[in-house]
Amino acid sequence: MPSKKMILSKSPRKRVIVIAIDGVPFSFFPALKEMNLSPVLSSLYKRNKIHSMTTTLPPVSSVAWASFLTGVNPGVHGITGFVDRRQDGYLPFVPTAEDLQVSTIYQHLSRIGLRVCSIGVPATFPPAPINGILVSGFLAPNLERSVYPKEEIETLKSFDYKLDIDAWSARRSDDSLIAQLPNAISARINTANHYLNKENWDLFVFHILETDRLHHFMWCQMMDKESTALDLFSVLYGQIDKFLQTIMEKLSEETVLIILSDHGFTELKKDFYLNRWLIERGYLSLSEQNATNLSGITPGSKLFSMAPGRIYLHLEGKTPNGTILNDQNAELLKREISESLENVHDPETGSKVIRQVVDMREEWKLTGFDDSPLQLPDLIAIPSPGYELKGELSGSDLFGIDRFSGMHAYGDAFVYLNGEEKDEKLDITDIQGKICSFLGVQQMNGESNQT
């Protein structure tokens, strides 16, 4: 457990601890209190110390945490999904920290001599050299390639630290999920405690992934009082609560605590296959009937999509086979597709599938929208609660049932800022500025990642 000695600041400058709990919605706090899952978080909520916070569009973990790290929206830092595509082709790739177009707060603080320790935050692979220790988050391929400096690998192995659980095994069996999650979070917390004690850090950031995994697989089962999911919720949130209790008991006036999430969660009812809908309506055509990727897109296609709900115009000069020639045609097409999608209804229930279609040039307030080396989406479709927008191509069904029972909600993140009362509307992009303020250093200003 962290000792008071190690959490106390050794200089007049404040130090900052950030506990990043993935996928915990602000709207979940009443249930959290009712189920007695986390007395610490419930107490903070009851005293109005936990506040709602907006987050990125789309609400994807790697996208949101990239905005946390950089202080800018996805249209500026460049990562807009778990997979993206470059302008010179159609094949998807997994973006990494090397694709970030601006520097992170870790690089900013390292340049001015402050020491950083970061454990498990997404969008940090490959680990850039910093003044401190960096352990990358999930989507990193393996532990050996995910740690800076490499001398720390053996320490992590000694705690049986895992980048992630075996999610594919968990998809096949609840028993696998139940077996993996408690061990994974225990190892993660033990690792965090070790570095809280060992390192003389100025900024300590600790990301907890297991809550996101739990919510994806068992969000709906949580409401069933006979379900084994309740036990798993109690175990995981109990470990988090104990960790938070230990930290808060030993905090000094010189150390600031921030707790936050990256997006909300809600019940997942159905998947909606957006590309299949585009094919059915004649907006997208492929050279092969059972294509699994967009490499066979034909020049006559007007639109295509990537999950979750990102829509791209097939523009000449922006895509290899694009044929949409001018801004006027593009604007007409955007209005047409927005109106059509906002009128899609579930044939079984009559429910509206897509709540809103957002023009991303306006949402991200971009002036150089077409200058990004990555292909930024022109539109993002925001689904109604319960509908997940997928990008699969092959198949004819427009709707499907997922193994998951929970999905990311749009907005609905939370933040605790060292007990401060909320006096402004906060977004996840604001947090790095708050950290810089607490540390007494100049805020980042969109520094290029290429310098």
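Some notes on this structure:
- Residue check: Glu388 meets all listed conditions (1) of a type outside the set (Ser, Thr, Tyr); (2) in contact with a strand residue (DSSP E or B) (Cβ under 8 Å, 6 or more places away or on another chain); (3) part of a helix (DSSP H, G or I) but one, namely (3).
- For the stretch 112-133, the set of residues classified as among the polar types (S, T, N, Q) and either within 21 Å of Val83 (Cβ to Cβ) or assigned to a loop (DSSP other than H, G, I, E, B) (or both) consists of Thr124, Asn131, listed by residue number.
- Flag for Gln245 being farther than 20 Å from Leu181 by Cα, at pLDDT 95 or above and surrounded by fewer than 24 Cβ atoms within 10 Å (Cβ to Cβ): yes
- Pairs meeting the criteria (first residue in the stretch 318-339 and touching a residue at least 40 places away in the same chain (Cβ under 8 Å), second residue among the hydroxyl-bearing types (Ser, Thr, Tyr), beta carbons under 8 Å, at least 6 apart or on different chains) are Thr319/Tyr90; Thr319/Tyr312; Pro320/Tyr90; Ile337/Tyr283.
- Only one of Thr80, Thr55, Thr96 that is surrounded by fewer than 18 Cβ atoms within 10 Å (Cβ to Cβ), hydroxyl-bearing (Ser, Thr, Tyr) and either over 17 Å from Asp262 (Cα atoms) or in contact with a strand residue (DSSP E or B) (Cβ under 7 Å, 6 or more places away or on another chain) (or both): Thr96
- Cross-chain or 6+ apart pairs with Cβ under 7 Å, the stretch 278-290 first and assigned by TED's automatic domain parsing to the domain that holds Arg310 and without any contact (Cβ under 8 Å) to a residue 12 or more places away in the chain, then among the small types (Gly, Ala, Ser) and surrounded by 14 or more Cβ atoms within 10 Å (Cβ to Cβ): Ser287/Gly296; Glu288/Gly296
- Residue selection: Ile165 satisfies the criterion of being over 27 Å from Arg13 (Cα atoms), aliphatic (A, V, I, L, M), assigned to a loop (DSSP other than H, G, I, E, B) and assigned by TED's automatic domain parsing to the domain that holds Asn418.
- Residue within the stretch 80-103 that is touching a helix residue (DSSP H, G or I) at 6+ places or on another chain (Cβ under 7 Å), hydrophobic (A, V, I, L, M, F, W, C), in a helix (DSSP H, G or I) and touching a residue at least 24 places away in the same chain (Cβ under 8 Å) present: no
- Residue check, Glu424 closer than 15 Å to Thr54 by Cβ, acidic (Asp, Glu) and either modelled with pLDDT under 85 or in a loop (DSSP other than H, G, I, E, B) (or both): yes
- The listed residues are Phe404, Phe414, and the only one of them that is crowded, with 19+ Cβ neighbours inside 10 Å, of a type outside the set (Asp, Glu) and either assigned to a loop (DSSP other than H, G, I, E, B) or under 21 Å from the mean Cα position of the chain (by Cα) (or both) turns out to be Phe414.
- Test for Phe304: is it of a type in the set (Phe, Trp, Tyr), assigned by TED's automatic domain parsing to the domain that holds Leu209 and crowded, with 19+ Cβ neighbours inside 10 Å: no
- Condition met for Leu109 (assigned to a helix (DSSP H, G or I) and in contact with a Lys or Arg (Cβ under 9 Å, 6 or more places away or on another chain)): yes
- Per-region count, the stretch 355-374, residues modelled with pLDDT under 90, out of contact with any strand residue (DSSP E or B) (no Cβ under 9 Å at 6 or more places or on another chain) and outside any helix (DSSP H, G or I): 5
- Filtering the stretch 48-86 to residues that are among the hydroxyl-bearing types (Ser, Thr, Tyr) and within 11 Å of the chain's Cα centre (by Cα) leaves Thr55, Thr56, Ser61, Ser62, Ser67, Thr80.
- Number of the condition not met by Thr292 [criteria: (1) over 30 Å from Leu417 (Cα atoms); (2) among the β-branched types (Val, Ile, Thr); (3) crowded, with 20+ Cβ neighbours inside 10 Å]: (3)
- Conditions (1) closer than 30 Å to Ala291 by Cα; (2) touching a Leu at 6+ places or on another chain (Cβ under 6 Å); (3) modelled with pLDDT of 95 or more: number failed by Tyr148: (1)
- Any hit, the stretch 384-394, residues being over 21 Å from Thr70 (Cβ atoms), among the acidic types (Asp, Glu) and modelled with pLDDT of 95 or more: yes
- Close pairs from the stretch 188-207: first more than 15 Å from Lys242 (Cβ to Cβ), partner crowded, with 21+ Cβ neighbours inside 10 Å and of a type in the set (S, T, N, Q), Cβ under 7 Å, at least 6 apart: Val205/Ser118
- Some residue of the stretch 385-401 being over 27 Å from Gln289 (Cβ atoms), out of contact with any Ser or Thr (no Cβ under 8 Å at 6 or more places or on another chain), surrounded by 14 or more Cβ atoms within 10 Å (Cβ to Cβ) and not aliphatic (A, V, I, L, M): no
The values are calculated or read from the model by the stated rules, or taken from the named source; none is laboratory data. Keep in mind it's a predicted model, so treat the numbers as computed, not measured. Quick reminder, even Gly has a Cβ in these numbers, built from the backbone with ideal geometry, and neighbours come from all protein chains shown.
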